[in-house]
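First up is the structure itself, then whatever we jot down about it.
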Amino acid sequence: MPSGNRAGLLGKAAPAIFVLLWSTGFIGAKLGLPHAEPFTFLTIRVLLTLAILVPVALIFVRQWPGRKPFGHSMVTGVLVHGVYLGGVFFAISRGMPAGVAALVVALQPLATAFAARLMLGEKLRPLQLAGLLAGLFGVALVIAPKLVGGVDVSGITAVTLASAFAAVAAISLGTVYQKRFVSGLDLRIATVAQYAGALIPFLLLSLLTETRQVDWTGEFVFALAWLVLVLSIGAVGLLMLLIRTNTASGTASLFYLVPAVTAVIAWFLFGEKLTPIQLLGMAVVMGAVALATRAPKK
């Protein structure tokens, strides 16, 4: 097959590949967390990621930026990787189902629109506001069985919900922060800076709150390798490729598919089940996000 045709096929397949890879991040957390505490797990993951990315940046990047843009990228990393991943991993480590965690995090595009309204002065269109409210209603349907004392949904508590919503707030604020303060920075340098920033809270929380014991089983090593190579480097790199080459219209819309794909994978691997009302909530959230982000600008 000619190289042009292969490139075209890869471009068409890239969105589906990205959704599949990104969805497995929640599954990797589910696999690895029984063998290590969440912040210890994330510290090891970031250290290994930096061990790969730093030499690449040193070899291929000729001119490094000053301290100010590097520092802004580190702040972005604290929010987008540190609080976001920390919140998700902590919630899952306390028993929140991977599919539910992915669903809560799916509110990110809506929360980002709201944060942009506050920090950048961007107008929140009526359909965006309607989508935000509908999305919150959808999440309420997902957690309703636990709140009303009906069907037991283990792992959905005030602590895990607060952790998951903190993750949503952090990645939304981090996205807006990056848009406002970070621009034109080499992608390789920005990635190194972001993971360096994320390492700070992971390492501190690991030292202050955890035993740092790791059960180096084959399952843990596989989950760690998958998260480092496939997620931290592969999926993030593919996302940047999609944005830069415009291979998908509205790249952010790909995140709508993550909860459903994650739920299917979690069902297949772990036997996680969602009740009918939770499935309805998932549909409402995904439809609400699509409604808000695809609304045409006036």
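Okay, here's what the table says:
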{"quantity": "Members of the stretch 172-225 that are in contact (Cβ under 8 Å) with a residue 60 or more places away in the chain, more than 24 Å from PRO65 (Cβ to Cβ) and either crowded, with 20+ Cβ neighbours inside 10 Å or of a type in the set (A, V, I, L, M) (or both)", "calculated": "SER172, LEU205, SER206, VAL214, ALA223, LEU224"}
{"quantity": "Residue in the stretch 79-107 that is surrounded by the most Cβ atoms within 10 Å (Cβ to Cβ), counting only those that are closer than 20 Å to VAL228 by Cα, under 13 Å from the mean Cα position of the chain (by Cα) and of a type in the set (Val, Ile, Thr)", "calculated": "VAL88"}
{"quantity": "The stretch 202-234: number of residues that are out of contact with any Leu (no Cβ under 7 Å at 6 or more places or on another chain) and either acidic (Asp, Glu) or not in a helix (DSSP H, G or I) (or both)", "calculated": "8"}
{"quantity": "Hits in the stretch 54-73 - residues which are surrounded by fewer than 19 Cβ atoms within 10 Å (Cβ to Cβ) and under 20 Å from the mean Cα position of the chain (by Cα)", "calculated": "none"}
{"quantity": "Filtered residue count, the stretch 141-171, keeping only those that are exposed (fewer than 13 other Cβ atoms within 10 Å of the Cβ) and either in contact with a helix residue (DSSP H, G or I) (Cβ under 7 Å, 6 or more places away or on another chain) or at pLDDT below 85 (or both)", "calculated": "6"}
{"quantity": "Residue in the stretch 235-249 that is over 28 Å from HIS72 (Cα atoms), part of a helix (DSSP H, G or I) and modelled with pLDDT of 80 or more present", "calculated": "no"}
{"quantity": "Counted residues, the stretch 262-283 - those being crowded, with 19+ Cβ neighbours inside 10 Å and either part of a helix (DSSP H, G or I) or in contact with a strand residue (DSSP E or B) (Cβ under 6 Å, 6 or more places away or on another chain) (or both)", "calculated": "7"}
{"quantity": "Residue identified as touching a Pro at 6+ places or on another chain (Cβ under 8 Å), of a type outside the set (S, T, N, Q) and within 19 Å of ALA162 (Cβ to Cβ) among GLY135, GLY82", "calculated": "GLY82"}
{"quantity": "Single residue of VAL80, VAL54 found to be in contact with a Gly (Cβ under 6 Å, 6 or more places away or on another chain), closer than 23 Å to SER206 by Cα and either among the charged types (D, E, K, R) or part of a helix (DSSP H, G or I) (or both)", "calculated": "VAL80"}
{"quantity": "Only one of VAL100, VAL88 that is over 16 Å from SER206 (Cα atoms), assigned to a helix (DSSP H, G or I) and in contact (Cβ under 8 Å) with a residue 60 or more places away in the chain", "calculated": "VAL100"}
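The values are calculated or read from the model by the stated rules, or taken from the named source; none is laboratory data. Predicted model, so just to flag it, every value in this text is computed and none were measured. Please note: Cβ atoms are built from the backbone with ideal geometry, for glycine as well, and neighbour counts cover all protein chains shown.
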